[in-house]
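Presented below is the structure to which this report refers.
The values are calculated or read from the model by the stated rules, or taken from the named source; none is laboratory data. A quick note: this is a predicted structure, and the numbers were derived from the prediction, not measured. So basically every Cβ, Gly included, is an ideal-geometry build from the backbone, and we count neighbours across all protein chains shown. Please note that ligands, DNA and RNA were not included when accessible areas were found on the heavy atoms of the full protein model with its side chains. Shrake-Rupley method; radii C 1.70, N 1.55, O 1.52, S 1.80 Å.
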Protein chains: 4
Amino acid sequence: MLVVMNANATEQEIAKVVQSIEAKGFEARISKGEIKTVISAIGSKQTDKRDFELLPGVTEVIQLTTNYKLTTRSFQSTDTIVEVNGIKFGDKYAGLIAGPCAVETYEQVDSTAEALEKSNVKILRGGAFKPRTSPYAFQGIGEDGLKILRSVADNHKMAVASEIIDISQIEMFEKYVDIFQVGARNMQNFNLLKCLGTTHKPIILKRGMSSTYEELLMSAEYIMAGGNSQIILCERGIRTFETYTRNTLDLAAIPVIKKISHLPIIVDPSHGTGLRDKVEPMSKAAIACGCDGLIIEVHSNPDCALCDGAQSLYPEQYHKLYTDIKSIAPIIGKEIL
Amino acid sequence: MLVVMNANATEQEIAKVVQSIEAKGFEARISKGEIKTVISAIGSKQTDKRDFELLPGVTEVIQLTTNYKLTTRSFQSTDTIVEVNGIKFGDKYAGLIAGPCAVETYEQVDSTAEALEKSNVKILRGGAFKPRTSPYAFQGIGEDGLKILRSVADNHKMAVASEIIDISQIEMFEKYVDIFQVGARNMQNFNLLKCLGTTHKPIILKRGMSSTYEELLMSAEYIMAGGNSQIILCERGIRTFETYTRNTLDLAAIPVIKKISHLPIIVDPSHGTGLRDKVEPMSKAAIACGCDGLIIEVHSNPDCALCDGAQSLYPEQYHKLYTDIKSIAPIIGKEIL
Amino acid sequence: MLVVMNANATEQEIAKVVQSIEAKGFEARISKGEIKTVISAIGSKQTDKRDFELLPGVTEVIQLTTNYKLTTRSFQSTDTIVEVNGIKFGDKYAGLIAGPCAVETYEQVDSTAEALEKSNVKILRGGAFKPRTSPYAFQGIGEDGLKILRSVADNHKMAVASEIIDISQIEMFEKYVDIFQVGARNMQNFNLLKCLGTTHKPIILKRGMSSTYEELLMSAEYIMAGGNSQIILCERGIRTFETYTRNTLDLAAIPVIKKISHLPIIVDPSHGTGLRDKVEPMSKAAIACGCDGLIIEVHSNPDCALCDGAQSLYPEQYHKLYTDIKSIAPIIGKEIL
Amino acid sequence: MLVVMNANATEQEIAKVVQSIEAKGFEARISKGEIKTVISAIGSKQTDKRDFELLPGVTEVIQLTTNYKLTTRSFQSTDTIVEVNGIKFGDKYAGLIAGPCAVETYEQVDSTAEALEKSNVKILRGGAFKPRTSPYAFQGIGEDGLKILRSVADNHKMAVASEIIDISQIEMFEKYVDIFQVGARNMQNFNLLKCLGTTHKPIILKRGMSSTYEELLMSAEYIMAGGNSQIILCERGIRTFETYTRNTLDLAAIPVIKKISHLPIIVDPSHGTGLRDKVEPMSKAAIACGCDGLIIEVHSNPDCALCDGAQSLYPEQYHKLYTDIKSIAPIIGKEIL
C-alpha cells in the first residue's frame, strides 16, 4: 500500500501516518519526492485503504495487491479447460450450451432437445427454479423440472446445466445436473459460492448486473478457495442508462478477463440483449472477440414460452447461427465442435 | 397492454397481432388513430411484452399494469408506520438506528452502545455475518456476534437490527434480533424474501446497488405477499460511473417512493457515501427531503474497526449530528425522538 | 399520446385531463378498460408528457410518436450508402478509416500513411484540434495539422477525415477535409450540427458518452433536417461503472440502430476500449455483428505518440487485423475492400 | 507516477520500464518490496499512464499528480466567494437564482419576476437559446429573449443569468447578462471555456450528465487558466440506470467538491429531478448538505410553459420553499438573504 501525502503535508501529519501504518502491523518506508512524499506500507496484511485516506495531509492511498489470487494468471499461466460431455471451454476451444429459458413440460424440453441434437448440442440448459422480479410471475416448476431435464438429456446423450438459487438446493441439484449455474443476482451470494466450492462439478458463474471484472473474479475466488476450480465465467450484460436492450452486453470483458485470469469465459447473448433478433449478431461478435463459448436460449415454440420467449431462438435460427460461428471460430484460432 | 403499430403496418400485420393477443387469453380492441393504430389487450393476465414487440409491424408495446400491488398507495393510501421499541418509522416520524458495522467483541459493542444511549438511540445495529467481496476479508463472527448484540442491547434497553444473509439463518436470527436486515446484495434473493414474509418481525429492505425504484418495491411485494407488511425500505446508494464516493446516494428516491408507496423509507448514509466526513452532511440532507429515518454506522474506536471503520462515525460526531437533525426535522413536519 | 389514469381516478380528474389535452390543441378520446381508463390525445403537435404526468389521478403518460423522422426506416427503408474515395459505408459494404490520433509532424503522418497504404487504407484520419479534459494536455497543432493531413493524403491518394470542434472552423475545414468528424463531446452541440447540415460533405457523428440510441438519431436528425444526409453514425463506447476499459463498447448498438435507421454505423474500437491489445478483438467483434465500418487509430511509432499512443495500433498490427476482418466479413454478408 | 511491476517481473522487464521512463524525460527510482517492485518516475512532465501499462511485466501505473491546480484547496485554502447584485455564493453564504426555463414573452418574464421579487430574488434566470435534443422542439427566441430578460431585470433591480451555447454569442451576451451560464452539454466545450476565461463576469458551470467530479474541476480549470476565477460550479444530476427521475441528483458532490476545491457549488433541483413536486424536497436536502446556493425554475404559469413546465415551480411554491430553506440554513451555518 502506498500513502501519498499532499504537497503541503506537515512533518506531524507524516509522522501520524507512519504511526497508523505501524499500528496496523505494516512496516513504513518514507520516500520524499520533489513535490510529494509517498509512504509505503510493507507487509501482507489485509487493510481498508479508506482508514488512511481520512488522515490529515493524505491525498490518495493506493493498494498494490489484488484481492484475488487463485484466479489470476500469476497463479496459473496456462488456460484452464473445463470439459463436460466432450465439450471443452477454454484455451483454443469454444463450447456451446443451448436450451429453453424455463422447463415447462417434458414435451417442450424434449422437442427442443431433439431439434438441438441436429445442431450437435451436447449440453442442455433449462431453468427449473426461476428468480423473477415480480412475485406474481411464473417461478419455475421446481424439482420436477430438474427431473425432466435429466431424463430428456439422457435420451439425447446430453449433459444438463441448470440454475441453482439457494444453498438448500445443492443436494437436490447434485442428483440431476452436470453443471451448476449461478445467476447474475447470486454472483455475490457468498454462502452459496462457498458451498459450491466444495462440490466436484463445473460451475457457470454469471457476472452480476452491476459487478466489475474484479468483483466477478473475486466471486470465482470464493469457489476456488473452496477447492473447485472448474469454473466457467459468463458475461451476460450489465445495467447502464441505455434501456433499449435489456442489458448492455460488455464484450470487452472477454479479452480483458482472458488476459488477467486463466478461467474460461463464455457469453450469454440471450439475457445480454433480451431480444431474439439481436442474439445472432451478438453471438457472432462474442465468438469473434475470442470467448470460450456461448449459452443460448432456444425454444421449440418461443411464441408460447412461459418465460423469456422473446429472447429465445427458434431451433432453425440456432442451426444457422451454429453454422456461421463454426466458420468464424477458426479465423481467431478457436475450434467449435 | 397497448400494442402500437407503426404507421405503415398492413392489415395482415394487425390481424396477426390481434390473433396473438387472443392466443394469450386477452381480449383485443383496435383503435385507429390518424397516424398509427393502437391495439389494446384487455385482461388481467401476466404477459411478457417483448412477445409482441417482435411481431412484424409493431413499433412499441406498453404495459399498463404495475407488477406490484400491495406496496402501492392505491392499495393503502395512508402511511404504514413501523414501530420498534418505541421508535416509529413512517408518516410524521423519523426513526434512528445506530451501531458498529461489524460486531467484533462484547467490549466494542458495549462501549459503542453506552455512548449511543446518551444520544437516545433505542435500536442498535451490528453485523454478525458480513458479506464481503473478497473471500480473504473479515467475514464476521457469526452467532456469537448475535449473542453479543442481544446481550448488550438488553443491558441498554435497546432493540437489535442485524443483517441476515441466508434462509438457513432465519431460526437463529429469530432468537436474537428484533429487526431483520436484508442487504443490498440480497434484495433479489427471492427465496429469502418469501421466507421473511412468513415471519412476524419488521424487515429493513435495502435497495440493490443497481436496482430501480420499481424493483425495490417488487421485492417488498414478495415480503408483503407472504403476510408481513412491517417493511422499512432503505436507500443506500447506487452504482454509477462516479467512483469518488463508494456509491451515489440517490436521495430523490425518498420523495419518489413516498409518493407511490405507503411503506416507510430510511437512508443509510454510511454505505451511501463510504466516507465518514460525508455521513453527516448527507444525513442532514436525507432528513431535509423527508426520509423516515436513518441507519448510521458508529464505532467507539473507528480507527481500529475490523470493517468499514472509514465510514463509521465517532460517538461524539453522532451526537452532534443527532442534535442538528432534531432541529431540521420539525421544519419539514417530522418528529425525531 | 396516451394518458393512463390510475384505477381510482375520479370523474373530475378525468375531466381535468381531457381539458388539459384540449388546451394543448389535441383531440381527446376516452377508453374505459376494466381496471384503468386511458385517454388518447390525437394530433401531431409536440408536447412535454410530464405536463400530464403531474395531473391528479394520472399514472403514466405514453408518447407514441418518435421525435426523429428523417433518420428512420419508415422514412427510407433502404440503407443509405455513404461513399468516399471509392470506399463505401452501409448496406453490404464495410469501410475502413485509419490513422494517428493526433497530427504531430509531417513525417509522423506520412510514415503512418505509407504503412497504411499497404493495407489498402483509402481514408486517413488524424486530429488537428484535440478536445482534452485537462487544459494542460496537448491540444493539437491546429490548421497546420489539417495542411499536413491534406498533403500526405494527396501523396497517397487518400481522403481525409478530421474532427471539427467548433462552428467557427467550418470554412477552414472545408478547405482540407473530405469528412467532418463530430466527436462524442459535441454530439449535442446543436449549433454545430445545424451548420454541418448545410454543408455537402459526409459527416461521422460519434455517439456521446452517455447518449442513448434515440439521442444519437435525434442528433443525426439535426443534420438531415439541414439537408445533408451523408451521415455515418459511430459507436465509440459509453460511460459505465466499469473503469478497467476507458469506455464500455456497446456493440448491440449496431444491430439495434441498423434496424430502426437507414444510416450506416461504424465502430471506433480505439476510444471504445482505450487499450491497444483490446482493439483487435473488438474490431473483429464489430465486423461480426454487422457494422458498416471501423475507424482505428494507427501510429507509425505509438510509443512516442503525443496523444493516446496506448490505444494506437502498430501498422503491422493493423495489417494483421485487416486480413482477419476481410475473412470474417463475407460470413455475415459484408464486403471489405 | 509509480509503475508497479508484477511479482514475477524479470530484470529485463524492469530495465525496459526504466528506459521508457527516462525516454519520456523523467528520472526513474527503483524500490524493491518483498513482493513487488515499484518504479517511481520523478519529474513534472505530463504523460499518458497507459503508455506504461502496456509494457511487459507491469501490473499497474499510478499517477500521483492531479491535472487540476488552480481550482484546488492546495492552491487556495479559503473559499472563493462570488458576489452578484449583493447576493453571495460560497463560504457561509448560499445564494438563490430563480426564473423561467425559457423566455417566451415580456409579460411571462415580467409576471414571474414580479412574483419572485416578493421572495427576495435578486438574480433572474431565463433561457433565450435552448439546446434541445430534438430539432423539432422549441429552440428559444434568441437575442430578443436576452433583451426581455435585461429589461425585466432592470425594472425589478435584478441581475440576469442566461445560458450561452456557442463562442459566437459571447459579445452579444456581454451586453445583456451578468452571469454566463454554461450548460451540462457544454461542460467540455473547451473552446467556449477558454473564451469565457478571458471575460470578467461570473460563470455558472454545470456538471455534465456523465462527468466526474474531477472532470468538472478540470473544466473549471480551463476557465481559471484564462484568468477568470469567478466560477460557480453547479450539480444538476447525472445519468444513471434509474429513469423515474430525469437525472439522478448527486448531492454528495457538494461535500466532496467543497473539500477539494475552493470554488462555490450550487444545485439545480429542477433539471436534477425533472419533476415539480421533487424540486422542493431536493432543494431542502441541497441546503442541508451545505451547498452554496440554488438555481430553480419558476414560471408564473407553468401549465402553459413552452419548455420544461413540468419541472417549474409556481411562484407561491417557491415562496414557501424560500421560507423553509431560510430556516434550515442557519442550522448548518449558512446564511440566505
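Side notes on the structure shown:
- The lone criterion from (1) crowded, with 24+ Cβ neighbours inside 10 Å; (2) closer than 30 Å to C:E214 by Cβ; (3) modelled with pLDDT of 95 or more; (4) more than 18 Å from the chain's Cα centre (by Cα) left unmet by C:A329 is number (1).
- Residues that are polar (S, T, N, Q) and farther than 30 Å from D:S210 by Cα within the stretch C:91-135 comprise C:T105, C:Q108, C:S111, C:T112, C:S119, C:N120, listed in sequence order.
- Residues satisfying the stated conditions in the stretch C:303-315, i.e. in a helix (DSSP H, G or I), surrounded by fewer than 17 Cβ atoms within 10 Å (Cβ to Cβ) and touching a residue at least 12 places away in the same chain (Cβ under 8 Å): none
- Single residue of D:T80, D:T71 found to be surrounded by fewer than 23 Cβ atoms within 10 Å (Cβ to Cβ) and under 16 Å from the mean Cα position of the chain (by Cα): D:T80
- Residue check: A:I238 meets all listed conditions (1) within 18 Å of C:T240 (Cβ to Cβ); (2) hydrophobic (A, V, I, L, M, F, W, C); (3) surrounded by fewer than 24 Cβ atoms within 10 Å (Cβ to Cβ) but one, namely (3).
- Scan the stretch D:141-159 for residues that are within 25 Å of C:T47 (Cβ to Cβ) and touching a residue at least 60 places away in the same chain (Cβ under 8 Å) and the total you get is 0.
- Subset of the stretch A:164-178 (residues that are part of a helix (DSSP H, G or I) and either touching a strand residue (DSSP E or B) at 6+ places or on another chain (Cβ under 9 Å) or not small (G, A, S) (or both)): A:I167, A:Q169, A:I170, A:E171, A:M172, A:F173, A:E174, A:K175, A:Y176
- When the test is whether a residue is within 40 Å of the chain's Cα centre (by Cα) and assigned to a strand (DSSP E or B), B:S40 passes it.
- Scanning the stretch D:286-337 for residues being farther than 29 Å from C:K49 by Cα and basic (K, R) gives a total of 2.
- Within the set B:S283, B:S300, the sole residue that is small (G, A, S) and part of a helix (DSSP H, G or I) turns out to be B:S283.
- Some residue of the stretch C:2-17 being hydroxyl-bearing (S, T, Y), modelled with pLDDT of 85 or more and out of contact with any strand residue (DSSP E or B) (no Cβ under 8 Å at 6 or more places or on another chain): yes
- The residues listed here are D:C307, D:C291; of these, the one that is away from chain C (no Cβ under 14 Å) and not aromatic (F, W, Y) is D:C291.
- So A:R73, is it over 30 Å from A:L146 (Cα atoms), within 14 Å of chain B (Cβ to nearest Cβ) and in contact with a helix residue (DSSP H, G or I) (Cβ under 7 Å, 6 or more places away or on another chain): no
- Of the residues contained in the stretch C:185-202, none is found to be of a type in the set (K, R) and touching a residue at least 60 places away in the same chain (Cβ under 8 Å).
- Residue match in the stretch A:230-246 (condition: more than 7 Å from every other protein chain (Cβ to nearest Cβ), in a helix (DSSP H, G or I) and modelled with pLDDT of 95 or more): no
- If you go through the stretch C:92-109 and pick out every residue that is within 21 Å of the chain's Cα centre (by Cα) and without any contact (Cβ under 8 Å) to a residue 60 or more places away in the chain, you end up with 0.
- Residue within the stretch C:207-228 that is more than 10 Å from chain D (Cβ to nearest Cβ), within 15 Å of the chain's Cα centre (by Cα) and open to solvent by 10 Å² or more (accessible area, probe 1.4 Å) present: no
- Matching residues, the stretch C:259-280, being open to solvent by less than 10 Å² (accessible area, probe 1.4 Å) and not in a strand (DSSP E or B): C:H262, C:L263, C:P264, C:D268, C:P269, C:S270, C:G272, C:T273, C:G274, C:K278, C:V279
- Filter pass, B:A161 being away from chain A (no Cβ under 14 Å) and under 22 Å from the mean Cα position of the chain (by Cα): yes
- Qualifying residue in the stretch A:117-132 (condition: touching a Phe, Trp or Tyr at 6+ places or on another chain (Cβ under 6 Å), polar (S, T, N, Q) and part of a loop (DSSP other than H, G, I, E, B)): yes
- Selected residue (only one of B:A128, B:A41, B:A115 is at pLDDT 95 or above and open to solvent by less than 20 Å² (accessible area, probe 1.4 Å)): B:A128
- For the stretch B:184-205, filtering for residues that are under 22 Å from A:V182 (Cβ atoms), open to solvent by less than 10 Å² (accessible area, probe 1.4 Å) and outside any helix (DSSP H, G or I) leaves 1.
- Filter result for D:Q181 (open to solvent by 20 Å² or more (accessible area, probe 1.4 Å) and not in a helix (DSSP H, G or I)): no
- Residue list for the stretch B:131-164, filter: at pLDDT below 95 and open to solvent by less than 40 Å² (accessible area, probe 1.4 Å): B:P131, B:T133, B:S134, B:P135, B:A137, B:G140
- Going through (1) within 25 Å of B:A128 (Cα to Cα); (2) crowded, with 24+ Cβ neighbours inside 10 Å; (3) within 14 Å of chain A (Cβ to nearest Cβ) one by one, B:I296 falls short only on (3).
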